[in-house]
Amino acid sequence: MAAAQYHTIDLTRLSLSPGQGARLELGVDPGPLEFGGSDYRVGDGAIAARLDVSRTAAGFALRLRFTGALAGPCMRCLEPAKVEVEVEAREVDQPASEDEELLSPYVTDGVLDLTAWAHDALALALPAQVLCRPDCAGLCPVCGRSLNDADPTDHDHPAEPDPRWAKLRELGPS
Ligand SMILES: [Zn+2]
Ligand SMILES: [Zn+2]
């Protein structure tokens with residue numbers, strides 16, 4: 001059975017004493033990520049995630065983990081592509097602290113904004129390249145069609161004389 005989906009979690013309702021921890025298996029929807037004008041997303045709605053909550057003397061320490069297949073257009077040829085991503089993020093929230101490092105932007109009055117955190121954590125885990133296959137050949141610079149599985153002779157386009165060379169010839173050796 002799929003874990004219940006949560007958008008926010010009231011950490012105070014876990015009733016943890018300092019030093020105690022809880023592990024929650026839940027569903028989270030990080031939503032779409034926009035990258036280079038295209039949408040990338042993991043799964044169709046909620047995906048399974050694991051949230052570890054530790055009560056510290058002054059607040060909470062949190063760890064969120066989930067994995068999934070990030071889907072969207074190949075960054076070279078625009079065909080559908082999928083890559084496995086593994087997300088692991090940590091946050092600390094000590095509300096009484098003056099130190100910004102110890103204040104989580106995702107926790108307000110003990111309530112964790114799980115959706116926003118999952119979204120940002122996924123954005124940080126986004127691979128530099130989302131490709132349909134590691135050796136995707138991309139698009140032909142002349143005709144714009146995919147070079148994957150193409151017969152090389154299909155793209156044996158007649159060479160246009162490079163205008164820069166023409167210019168050089170014009171200058172010629174004097
Ligand atoms: Zn591709
Ligand atoms: Zn071509």
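The values are calculated or read from the model by the stated rules, or taken from the named source; none is laboratory data. Source: prediction; values computed, not measured. Please note: Cβ atoms are built from the backbone with ideal geometry, for glycine as well, and neighbour counts cover all protein chains shown. Keep in mind that these areas ignore ligands, DNA and RNA; they rest on the heavy atoms of the full protein, side chains included. Shrake-Rupley method; radii C 1.70, N 1.55, O 1.52, S 1.80 Å.
Is the shape of region 28-130 rounded, prolate or oblate, going by the alpha carbon gyration tensor and its root eigenvalues a ≥ b ≥ c, with a/c under 1.5 for rounded and a/b larger than b/c for prolate? Taking the square roots of the gyration eigenvalues as a ≥ b ≥ c, region 28-130 is prolate. Rolling a 1.4 Å probe over the protein heavy atoms gives the chain an accessible area of 64 Å² per residue. Placing +1 on the Cβ of every Lys and Arg and -1 on the Cβ of every Asp and Glu, with nothing else charged, gives the chain a dipole about its Cα centre of roughly 240 debye. Only helices enter the 222 nm calculation for the chain: every DSSP H run of n ≥ 4 contributes -39,500 (n - 2.57), and dividing by all residues gives -3500 deg cm²/dmol, rounded to 500.
Centre-to-centre separation between the Cα atoms of region 78-153 and those of region 1-66: 16 Å.
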